[in-house]
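Below you'll find the structure, written out as structure tokens, and then a few comments.
Derivation of every value follows stated rules applied to the coordinates shown; laboratory data play no part. Please read all numbers here as calculations on a predicted model, not as lab measurements. Counting neighbours? That spans all protein chains shown, and the Cβs are built from the backbone with ideal geometry, glycine included.
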Amino acid sequence: MKSLAIVNQKGGVGKTTVVLGLAAAAWAAGRRCVVIDLDPQGNATSGLGLWDIQPNVETALAADRPGALTEVLVPATWQSSRTVHRDGFDEVVPTAVPLVAPSSPALAVREPQLANDPIGAQDRLAVTMQGLDHDVVLIDCPPSLGLLTVNGLFAADRALVVTEPGAWASDGVGQIVRTVGRVATRRPTPLELAGIAVNRLGRTRDARYWHEQLVDEYPEQCFAPIHLRAALPEAAAQSLPIHALGARPGAPEAAAEFDELFSVLFPEETPAAESPAATPFQAGAHGV
């Protein structure tokens, strides 16, 4: 099982868009995926076709026992097959519907309560995840540096920083990279920086400039960007994977970008020696 926390303390950069895009890529590739929605706003949950689900991820955190998260998983409403065009013919192929640990507004209340737990404030999510056996686990963290995000980082193998090409984006990336580094020094197992995903890259000169600034500052960490396309919020609003929009303008291109990002982050049966390099954190690295 490979787990990835998707993080940035700044809101509105499209973390959930990236989570849904990666979940869609897993769906299309037939890879078994779990999405854990730690954001009280619950946009990933609704993007997967679920609302007001009981029990949910807050229930699992409140239970505070090994395996509690496995008891709240529910399947997304996405279809279990899709149609692809091959060699001039349409072919129906199976997919892997993601399982979801749904969000709840009660997470906003649970977070300050975690601070009163002297033993499990930071790793409660990791404890509840014991027993998960899936190809991919995506953890959608809230736009903050609070204990929910820290729990996501303690539970994941790697962290993916999502940002957008705008003013001060680089400063925000630096802050969350340092936070990932601090968490890494406090974990009993390694935490790696998977990289930086630049989201919503538009065609303006300003967007290109700020993207270049980010790439210049983090040349080894930046993945190929995710471009700004109207098809992405349209898919989320309809609770559909981006691949299900077919030939809708921008949808095939967006699906291809997420397929590429997914293949880099989660290569299938790649020997360890050939796996894409991630960045292990060490004391003193990345400004920590």
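Points worth noting:
- Considering helices alone, the calculated mean residue ellipticity of the chain at 222 nm is -10500 deg cm²/dmol, with DSSP H runs of length four and up weighted by -39500 (n - 2.57) and normalised per residue.
- Among Asn116, Asn56, Asn199, the residue with the largest mean-square fluctuation in a Gaussian network model of the chain, with springs joining Cα atoms closer than 10 Å, is Asn116.
- Additional length obtainable on full extension of the chain from Lys2 to Ala224, 0.36 nm per residue less Cα span: 77.8 nm
- In the elastic network of the chain, a GNM with C-alpha springs shorter than 10 Å, the most mobile of Asp171, Asp259, Asp37 is Asp171.
- Check: the chain dipole with +1 on Lys, Arg Cβ and -1 on Asp, Glu Cβ, in debye: 420
- Antiparallel DSSP beta bridges within the chain, as percent of all bridges there, nearest 5: 30
- Couplings 3J(HN,Hα) of the stretch 80-97, computed from phi: 8, 8, 8, 9, 10, 9, 10, 6, x, 10, 8, 10, 8, 10, x, 10, 10, 5 Hz, in residue order, whole Hz [Karplus 6.51 cos²θ - 1.76 cosθ + 1.60, θ = phi - 60°; x for Gly and Pro].
- The fewest-to-most ranking of Tyr218, Tyr209 by surrounding Cβ atoms within 10 Å reads Tyr209, Tyr218.
- Positive dipole terminus of the stretch 2-265, leading residue within Val34, Gln213, Ile226 (C-beta point charges): Gln213
- From largest to smallest, the equivalent ellipsoid semi-axes obtained for the chain from the alpha-carbon gyration tensor read 27, 24, 18 Å.
- Point-to-point label distance, Asp52-Ala115, nm (Cα→Cβ direction, 7 Å offset): 3.1
- Sorting Val84, Val97 from the fewest to the most surrounding beta carbons within 10 angstrom yields Val84, Val97.
- Interatomic Cα distance distribution for the stretch 1-51, bins of 10 angstrom, percent: 23, 58, 19, 0
- By the count of other C-beta atoms within 10 Å, a proxy for reagent exposure, Lys2, Lys10 are ordered fewest to most as Lys2, Lys10.
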